[in-house]
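I have placed the structure first, in the form of structure tokens, so that the comments after it can refer back to it.
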Amino acid sequence: MDFPRVIVNYKTYESGIAEGGIKLALIMQEKGRGYFGISPQVVDTSLIAKQVNIPVFSQHADPLDVDRATGWILPRTLARIGVYGVLLNHSEHPMPLGRIRDTINLSKQYGLKTLVCAESPSQAREIAKLGPDAVAVEPPELIGTKTSVSEAEPGVVTNTVKNIHDINPNILVFVGAGIHTKEDVAQALKLGAYGVLLASGVMKSDNVEKEIDDLAEGADSGLHK
Ligand code: G3P
């Protein structure tokens, strides 16, 4: 499976819990033109991963590989239940750099892709040095708003792309925060991002099918500039 270009983080939104989360994922699978991946609530990961054929990311993972680890999320368990990758260091679940590094390394051993969040282009550079598959920059002040990072802060996108590609041009660059229209997606890709990470635009939408169709159209037009 290719690394998806539009990843919907379900966070803890009510609309993504259990059956609701499966329904949403199936719409993305059907209408998303092959662009979509999802990151459901950790407690629903296994349930949803079994029902869909789009890439599923765990919202977190821990660098542990033992039988006695009550309450922790192990990469080997995620690999066993068919998860595609792990989302690490979201600003709502920050991790120290050493822990990010150890989790990236352990996840790779189990064949999981790693997508690590950063709050700024300079933090993105530090994270790129740890060797993830992808880095997502998300200015925290724009998260959950209708102000898209790609429209309001194009410099954040271009500086992150530069910083990361100076370290390793193979690392995929994602941007997130406030992305909810096709123009937001198209603009992010035109500025050099590989993909986008978003939540409220889909999770709080009154018309999810249209929203997903719009976002996929934005990806199409951003790639065929
Ligand atoms: O991980 C995605 C995220 O933090 C952005 O949230 O609601 O601004 O799309 P939102």
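Where a number appears in this text, it was derived from the coordinates with a stated rule and is not lab data. This one's a predicted model, so the numbers in the text were calculated from it and none came from an experiment. FYI the Cβ positions are ideal-geometry reconstructions off the backbone, even for glycines, and counts take in every protein chain you see.
One table, with the values for the structure above:
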quantity: Whichever lysines have a C-alpha closer than 16 Å to that of Lys31, once near sequence neighbours (fewer than 8 apart) are set aside; calculated: Lys23, Lys182, Lys210
quantity: Cross-link partners of Lys162 among lysines (Cα-Cα below 17 Å; sequence separation of 8 or more within a chain); calculated: Lys129, Lys190
quantity: At 0.890 mPa s and 25 °C, Stokes diffusion of the range 123-196 via Kirkwood alpha-carbon radius, µm² per second; calculated: 205
quantity: Sum of side-chain charges, Val83 neighbourhood, beta-carbon under 15 Å (Lys, Arg +1; Asp, Glu -1); calculated: +2
quantity: Formal net charge of residues neighbouring Leu74 (Cβ-Cβ distance under 15 Å; K, R +1; D, E -1); calculated: +1
quantity: Cleavage-rule hits (trypsin sites (Lys or Arg not before Pro)) in the range 1-75: DSSP loop, at most 12 neighbouring Cβ within 10 angstrom; calculated: Arg68
quantity: Measure of compaction for the range 1-85 (Cα Rg per 2.2 N^0.38 Å); calculated: 1.07
quantity: Relative contact order (%) - the range 132-225, alpha-carbon pairs under 8 angstrom, separation at least six; calculated: 30
quantity: Principal axis box of the chain, alpha-carbon based, largest edge first, Å; calculated: 48, 41, 29
quantity: Formal net charge of residues neighbouring Asp44 (Cβ-Cβ distance under 13 Å; K, R +1; D, E -1); calculated: +1
quantity: Nearest-20 debye value, the chain charge dipole, Cβ charges on Lys, Arg, Asp, Glu; calculated: 580
quantity: By average C-beta atoms within 10 angstrom, highest first, the peptides 192-202, 112-122; calculated: 192-202, 112-122
